[in-house]
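The structure appears below as structure tokens.
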Ligand SMILES: [Zn+2]
Ligand SMILES: [Zn+2]
């Protein structure tokens, strides 16, 4: 049996070229949202989109229940998501869908909006700092919400405080829970990347290179590499069309010198392919070196563009 694109059922799709760098290729997108939080697609939609990109794993990581108006309704929803993913994993042999969550840090000492038991049953645990949350207390709300949203923008002292408290909160969450990935570090809530990366490396938690938010920098990745942390390049897709759209993250990681060993969702490109890519690059470099010098630029004031008059000399075709 074949589908509309001529692929037989359960035959793995070829990997989308945008997911391949010189030294690694991505096989999973570990951060996607569905209608269980404020995503637009279903689990099945995200799974099919990931499959079209040639991915072999995709995680469903909807927002924890304390995300203000956009989280899962209750902790029990995670059980429903888990049951649905189990169903799809029986149906599809060429792709695995993981039941996960993107939990919220709701206290300044790193507590999440989910109990540890709920996290234990999941395949993948993502957590992150968001200011759109229901904080655990007024004091937590002052630091995690009000300060990040308003005060830190007005005063340097409060900005320093936000950075210090945000970093402490996320580091303590890493130490308190068994987390796989920290989502979009530093997005709208400033953190000390050195300190975060050091804590994450110690606990085996990956930091996300988010392809879904354009704030990421090569410097952020280089700091992480120096601290020995692993990364995960993810889409944070809120609609199926964005699942597996990782090109910006892949290019950023490539520029920072990331290899497959630094990524939890990539495998090395075969040595032969890597060698061919290096040879092609060497050929381009050589061709550029041997290329004849460009023609001298025209003397100032003289244009090389054809004179307007030349056009007038072209005889007009008479229409009959
Ligand atoms: Zn998030
Ligand atoms: Zn997200």
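The values are calculated or read from the model by the stated rules, or taken from the named source; none is laboratory data. Worth saying up front: this structure is predicted, and the values here are computed from it rather than measured. Positions of Cβ are generated from backbone atoms using ideal geometry, with glycine treated the same way; all protein chains shown enter the neighbour counts.
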**OP:** Just one of (1) more than 16 Å from residue 67 (Cα to Cα); (2) in a helix (DSSP H, G or I); (3) away from ligand 1 (no atom under 16 Å from the Cβ) trips up residue 173, so point out which.
**Re:** (3)
**OP:** For residue 208, state whether it is in a strand (DSSP E or B) and either in contact with a strand residue (DSSP E or B) (Cβ under 6 Å, 6 or more places away or on another chain) or surrounded by fewer than 20 Cβ atoms within 10 Å (Cβ to Cβ) (or both).
**Re:** yes
**OP:** Please tell me if residue 125 is surrounded by fewer than 20 Cβ atoms within 10 Å (Cβ to Cβ) and in contact with a helix residue (DSSP H, G or I) (Cβ under 9 Å, 6 or more places away or on another chain).
**Re:** no
Subject >> Residue ID - farthest from ligand 2 (Cβ to nearest atom), chosen from residues in segment 132-156 that are under 30 Å from residue 58 (Cβ atoms) and surrounded by 20 or more Cβ atoms within 10 Å (Cβ to Cβ) >> reply: 144
Original post:
So, of the residues in segment 9-21 that are at pLDDT below 95 and surrounded by fewer than 14 Cβ atoms within 10 Å (Cβ to Cβ), which turns out to be farthest from the chain's Cα centre (by Cα)?
Top reply: 9
Original post:
Would it be correct to say that residue 165 is more than 15 Å from ligand 1 (Cβ to nearest atom) and assigned to a loop (DSSP other than H, G, I, E, B)?
Top reply: no
**OP:** Mind telling me which of the residues 111, 96 ends up being more than 16 Å from ligand 2 (Cβ to nearest atom), farther than 23 Å from residue 173 by Cβ and either at pLDDT 95 or above or crowded, with 17+ Cβ neighbours inside 10 Å (or both)?
**Re:** 96
Original post:
Does any residue in segment 170-185 that is at positive phi come within less than 6 Å, Cβ to Cβ, of a residue that is surrounded by fewer than 22 Cβ atoms within 10 Å (Cβ to Cβ) and assigned to a loop (DSSP other than H, G, I, E, B) six or more places away or on a different chain, and which pairs are these?
Top reply: 184/213
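Okay, residues lined up against (1) out of contact with any helix residue (DSSP H, G or I) (no Cβ under 9 Å at 6 or more places or on another chain); (2) at pLDDT below 95; (3) more than 16 Å from ligand 1 (Cβ to nearest atom):
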| residue | (1), (2), (3) |
| --- | --- |
| 217 | no, no, yes |
| 227 | no, no, yes |
| 238 | yes, no, no |
| 255 | no, no, yes |
| 258 | no, no, yes |
| 265 | yes, no, yes |
Original post:
On the given criteria, is residue 77 in contact (Cβ under 8 Å) with a residue 12 or more places away in the chain, surrounded by fewer than 23 Cβ atoms within 10 Å (Cβ to Cβ) and in contact with a helix residue (DSSP H, G or I) (Cβ under 7 Å, 6 or more places away or on another chain)?
Top reply: no
Original post:
Given (1) farther than 28 Å from residue 250 by Cβ; (2) at pLDDT 95 or above; (3) within 16 Å of ligand 1 (Cβ to nearest atom), where does residue 34 come up short, assuming only one miss?
Top reply: (1)
Original post:
Which members of segment 246-281 meet the condition of being buried (at least 21 other Cβ atoms within 10 Å of the Cβ) and either farther than 28 Å from residue 63 by Cα or touching a residue at least 60 places away in the same chain (Cβ under 8 Å) (or both)?
Top reply: 246, 250, 253, 258, 263, 265, 266
**OP:** Go through segment 267-298 residue by residue and tally those that are under 30 Å from residue 200 (Cβ atoms), at pLDDT 80 or above and in a helix (DSSP H, G or I).
**Re:** 0
**OP:** Output the residues belonging to segment 191-205 that are in a loop (DSSP other than H, G, I, E, B), without any contact (Cβ under 8 Å) to a residue 40 or more places away in the chain and within 16 Å of ligand 1 (Cβ to nearest atom).
**Re:** 205
Original post:
Out of the residues in segment 11-31 that are out of contact with any helix residue (DSSP H, G or I) (no Cβ under 9 Å at 6 or more places or on another chain) and part of a loop (DSSP other than H, G, I, E, B), which is nearest to ligand 1 (Cβ to nearest atom)?
Top reply: 15
Subject >> Unique match (being outside any strand (DSSP E or B) and modelled with pLDDT under 95) among 41, 6 >> reply: 6
